[in-house]
Amino acid sequence: MSIFGKLTLAASVLSLASATPVMAQTIAITGGKVITNTAQGHIENGTVVIKDGKVVTVGSNIAIPDGATRINASGKWVTPGLFSPLSQVGLVEVSLEDSTNDASADEADFSAALDGADGFNPKAEAIAITKIEGMTRMAVTPDAGAHIFAGSGFIANTSGSFDSITKGKAFMAVHMGEKGARLAGGSRSASWAYLRNALSEARSYRPGRTREGALLNGPDAQALKAAAEGRMPLLVYASRASDLMTLVRLHGDYPKLDLVAVGAQEGWMVADALANAEIPAIIQPQDNLPGSFETLGATMENAARLQAAGVRIAIAQIDEAFNARLAAQQAGDAVANGLSWDAAFMAITSTPAAIFGLDDQLGALASGMNADIVVWDGDPLELMSSPDHVFIDGKEQSMVSRQTKLRDRYLDLSNIHEKPLAYR
């Protein structure tokens, strides 16, 4: 064979080799207490097999594929990754430094058109800190600035990669109650009138046909249209029981709206009405003292009372840019105040996934679900428990953060005088 022929053959072999699919890694997590969030319930000494970023099978006494990488979870808990239903992680780096705070736009001409994803930094220090506490997904929202509409939020994973936003423009957020009243002109009636008229304008909006004297400019009306037509969740911040009843009436006037109450500190007072309207609530169970006149009825039994009435609840460290990871602690406190363990855990996993239309992918361990999985050294709702392994879409994540680096740096001070001056 000529030199040319040999080169051609070699090139062909290399081409075929590169075209051959890479063998997908199969991982089997064995021996743990598996929390499925499905009809399978809790499985003692269970096994979870994952491949290609998906859960393949979950159960006990199941065959483990040959060549699978095994992770021994004996004596540990295996759960779906936690899902924060509302945070500002990645929008704020240093809260007191305006140049690193993209959570709100107090002087902007736009409101609903603001897209939180445009300000998201997946390399923010808080993301790694959030991830190593077992949180794999989060709903991230901007804050209201000059108008009652905060803009659109998004769903992201906590991998820290630049493609970590998994669902952009996933919901719209609007502030009512005391804050909405202030932003809309000074009263609650003004804020609700503004909201109703804005929804009406958004539903009838056609590009290039903004009417003179409209409340919303073209970009805001266009951005709000999906929520106004019920095609994306509208998250409404409302704390006082009377505000929540106005929200229920809004649902009656516009039944297609996909409404979610946020805060709902006095939700227990009107739990039956919220349940009948099928309005879920994102709450912070530790809210038990009145921080304002609209939260005089706050109680740590709010979660249990809402759940008992049939309201779907999701639990969050609401709008927290640094401590969204404390949602598990919030859920544990809810259990201490009457909520069942299963309901509390679902409130930080499967219920947030359902609120944002992702319950066919996230929040449970079942065949075909995304392999967001955490292996814990104990009960995830216990304060002293922590993750040993975190998987996002089947890929094991680093458990290193700025905090762990600082811990390791100063853990042993026996030879501190031998280290550089910066360590002292």
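The values are calculated or read from the model by the stated rules, or taken from the named source; none is laboratory data. Keep in mind the model is a prediction, meaning the values are calculated, not measured. In this analysis, Cβ positions are derived from the backbone assuming ideal geometry, glycine residues included, and neighbour counts consider all displayed protein chains.
Condition check ((1) of a type in the set (Lys, Arg); (2) crowded, with 23+ Cβ neighbours inside 10 Å; (3) assigned by TED's automatic domain parsing to the domain that holds Asp143) across all residues:
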{"position": "Arg206", "(1), (2), (3)": "yes, no, yes"}
{"position": "Gly213", "(1), (2), (3)": "no, no, yes"}
{"position": "Leu216", "(1), (2), (3)": "no, yes, yes"}
{"position": "Pro219", "(1), (2), (3)": "no, no, yes"}
{"position": "Gln222", "(1), (2), (3)": "no, no, yes"}
{"position": "Ala226", "(1), (2), (3)": "no, no, yes"}
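Can you tell me which residues in the range 104-119 are among the aliphatic types (A, V, I, L, M), touching a Leu at 6+ places or on another chain (Cβ under 8 Å) and buried (at least 20 other Cβ atoms within 10 Å of the Cβ)? Correct list: Ala112 only. Scanning the range 126-155 for residues that are under 15 Å from Tyr237 (Cβ atoms) and β-branched (Val, Ile, Thr) yields a count of 2. For the range 252-265, filtered to residues that are without any contact (Cβ under 8 Å) to a residue 60 or more places away in the chain, over 12 Å from Pro233 (Cβ atoms) and in contact with a strand residue (DSSP E or B) (Cβ under 8 Å, 6 or more places away or on another chain), the residue that is surrounded by the fewest Cβ atoms within 10 Å (Cβ to Cβ) is Gln265. Scanning the range 106-125 for residues that are part of a loop (DSSP other than H, G, I, E, B), out of contact with any strand residue (DSSP E or B) (no Cβ under 8 Å at 6 or more places or on another chain) and closer than 19 Å to Gly90 by Cα yields Asp106, Asn121, Lys123.
Cβ separations smaller than 7 Å between residues 6+ apart or across chains give the following pairs from the range 191-217 residues that are within 17 Å of Tyr254 (Cα to Cα) and at pLDDT 95 or above to residues that are buried (at least 17 other Cβ atoms within 10 Å of the Cβ) and among the hydroxyl-bearing types (Ser, Thr, Tyr): Trp192/Thr246; Leu199/Tyr254. Inside the range 287-311, residues that are buried (at least 21 other Cβ atoms within 10 Å of the Cβ) and closer than 19 Å to Ala275 by Cα make up a count of 7.
Counted as qualifying within the range 132-182 are the strands (runs of 3 or more DSSP E) with 3 or more residues that are modelled with pLDDT of 95 or more, within 25 Å of Thr246 (Cα to Cα) and not acidic (Asp, Glu), namely 149-157, 165-175.
Count of the range 367-395 residues, restricted to those that are of a type outside the set (Phe, Trp, Tyr), in contact with a strand residue (DSSP E or B) (Cβ under 6 Å, 6 or more places away or on another chain) and either within 16 Å of Ser164 (Cα to Cα) or not assigned by TED's automatic domain parsing to the domain that holds Ile71 (or both), is 6.
Before we move on, is Ile282 assigned to a strand (DSSP E or B), in the same structural domain as Asn337 (by TED's automatic domain parsing) and either at pLDDT below 95 or buried (at least 20 other Cβ atoms within 10 Å of the Cβ) (or both)? Yes; evaluated as a whole, the condition is true for this residue. Close contacts from the range 76-87, counting a first residue that is closer than 15 Å to Val374 by Cα and surrounded by fewer than 24 Cβ atoms within 10 Å (Cβ to Cβ) and a second that is among the aromatic types (Phe, Trp, Tyr) and at pLDDT 95 or above, with Cβ to Cβ under 7 Å and a gap of 6+ residues or different chains, come to Lys76/Trp376; Trp77/Trp376. For the range 297-313, residues that are of a type in the set (S, T, N, Q) and under 15 Å from Ala238 (Cα atoms) total 1.
A count restricted to the range 402-416 and to residues that are assigned to a loop (DSSP other than H, G, I, E, B) and in contact (Cβ under 8 Å) with a residue 60 or more places away in the chain stands at 0. So Thr141 passes all but one of these: (1) closer than 30 Å to Ser385 by Cα; (2) in contact with a strand residue (DSSP E or B) (Cβ under 6 Å, 6 or more places away or on another chain); (3) surrounded by fewer than 22 Cβ atoms within 10 Å (Cβ to Cβ). Which condition number does it fail? Single failed check for Thr141: (3). In the range 167-188, the residues that are in the same structural domain as Gly151 (by TED's automatic domain parsing) reach residues that are crowded, with 24+ Cβ neighbours inside 10 Å and part of a helix (DSSP H, G or I) with C-beta atoms within less than 6 angstrom, at least six apart or across chains, in these pairs: Met172/Ala227; Met176/Ser191; Met176/Asp243; Gly177/Asp243; Gly180/Ser191; Ala181/Ser191; Ala184/Ser191.
Mind listing whichever residues of the range 88-97 are among the hydrophobic types (A, V, I, L, M, F, W, C) and either closer than 16 Å to Ser159 by Cα or without any contact (Cβ under 8 Å) to a residue 60 or more places away in the chain (or both)?
Going residue by residue through the range 88-97, those that are among the hydrophobic types (A, V, I, L, M, F, W, C) are 89, 91-92, 94, 96.
Across the range 88-97, the qualifying residues are Val89, Leu91, Val94, Leu96.
Test Ala321 against the criterion of being in the same structural domain as Asp163 (by TED's automatic domain parsing), modelled with pLDDT under 95 and crowded, with 21+ Cβ neighbours inside 10 Å, and give yes or no. Taking the combined requirement at face value, the residue satisfies it.
Residues that are out of contact with any strand residue (DSSP E or B) (no Cβ under 7 Å at 6 or more places or on another chain), part of a loop (DSSP other than H, G, I, E, B) and within 22 Å of Ala139 (Cα to Cα) within the range 204-251 comprise Glu229, Gly230, Arg231, listed in sequence order. Among the candidates Phe162, Phe171, the residue that is surrounded by fewer than 16 Cβ atoms within 10 Å (Cβ to Cβ) and touching a Pro at 6+ places or on another chain (Cβ under 7 Å) is uniquely Phe162.
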